[in-house]
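Below is one structure, written out as structure tokens; the observations come after it.
All of the numbers you see were taken from the coordinates with simple rules; none came from a lab. From a predicted model like this one, the values you see are computed outputs, not experimental measurements. Here the Cβ is made from the backbone with ideal geometry for all residues, glycine too, and neighbour counts use every protein chain on show.
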């Protein structure tokens, strides 16, 4: 018996888009002072009611927050096989089938992961906020955001790259002109793109 995907997943690109969208928040968290991070860890986790946990489950399902975890068990099985089979190549089929069976026995533990992820959301969002999240992502606009959000993120990054290149080009040109003004004021030679970083490179030629 071979392992199959346990929970249907959204396209991997949805997850990658979510990562891009979350990057500014992650960067802010990473930049937080160490003392503040330690203080936050010391705070007790807020109490979560059953109704809030259920709301969190719905929100997690609506946004596909755990879809990225669908391949954990499959990857673990593949890794285990790669460790056992090289030492017993003559038992490849038996080992592969055995590992798959053992992995399937562990599949029900996925529910515990779903609960923990829901608890994380329940501790960060109020029940009303969680219900709003579920309602939005169940709507046409929410479904469209899940579908096209990654594309919007990619195209936004492309636009930002073009803009950045233009800024770098124009800033360098403007700075080169400013450098020439400085040279002129001090009786030096005009700078070019090649000698701007090392004005002395053109001397003696």
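Listed by Cβ neighbour count within 10 Å, with the fewest neighbours leading, 82, 175 appear as 82, 175.
Taking 7 Å steps out from each Cα toward its Cβ at residue 115 and residue 82 produces label points 3.2 nm apart. Spatial offset of segment 48-64 relative to segment 140-175 amounts to 33 Å, using the alpha carbon center of each. By the count of neighbouring beta-carbon atoms within 10 Å, fewest first, 144, 81 end up ordered 144, 81. Label separation (residue 147 vs residue 160): 2.6 nm, computed from points 7 Å beyond Cα along the C-beta direction.
Remark: 99, 60, 162, 48 ranked as 162, 48, 99, 60, counting other beta-carbon atoms within 10 Å and listing the fewest first. Extension gain, residue 186-residue 72: 0.36 nm per intervening residue step, less the Cα-Cα distance, totals 34.5 nm.
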